[in-house]
Amino acid sequence: MQFQNHFNKIAMRLKENLLVEDSLQKSIQNNIHEILHLTDADGIALVTHENVFTHGHTPEVD
């Protein structure tokens, strides 16, 4: 129960923060630490059109 409350709190804050920016890409980049914390991930890759944004432990970009 405590984990779910913690998860919900982070998810709500992240949702509010993501809606502030004009673009989803910029929003994700500005909130990358919260996303990593929420997903318990070591890294994240965001691919849009021809742009690749990585943060943390991710494979090499070719």
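The values are calculated or read from the model by the stated rules, or taken from the named source; none is laboratory data. Just so it is clear, the structure is predicted and the values come from calculations on it, not from any experiment. Here Cβ is always computed from backbone atoms with ideal geometry, including for glycine, and neighbour counts include all displayed protein chains. The accessibility values were calculated without ligands, DNA or RNA, using every heavy atom of the protein model including side chains. Shrake-Rupley method; radii C 1.70, N 1.55, O 1.52, S 1.80 Å.
In what sequence, highest mean first, do 13-25, 39-51 appear when ranked by Cβ atoms within 10 angstrom?
13-25, 39-51
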remark   = Counting Lys and Arg as +1 and Asp and Glu as -1 over every other residue whose Cβ sits under 11 Å from the Cβ of ASN31, the net charge comes to 0
remark   = For THR58, the residues 5 or more places away or on another chain with a placed amide H closer than 5 Å to its own amide H are none
task = Please give the per residue accessible area of the chain, computed with a probe of 1.4 Å over protein heavy atoms only, in Å².
result = 83
note = Row for the chain, column shape: gyration tensor on C-alpha, a ≥ b ≥ c, rounded if a/c < 1.5 i.e. under 1.5, prolate if a/b over b/c, else oblate; value oblate
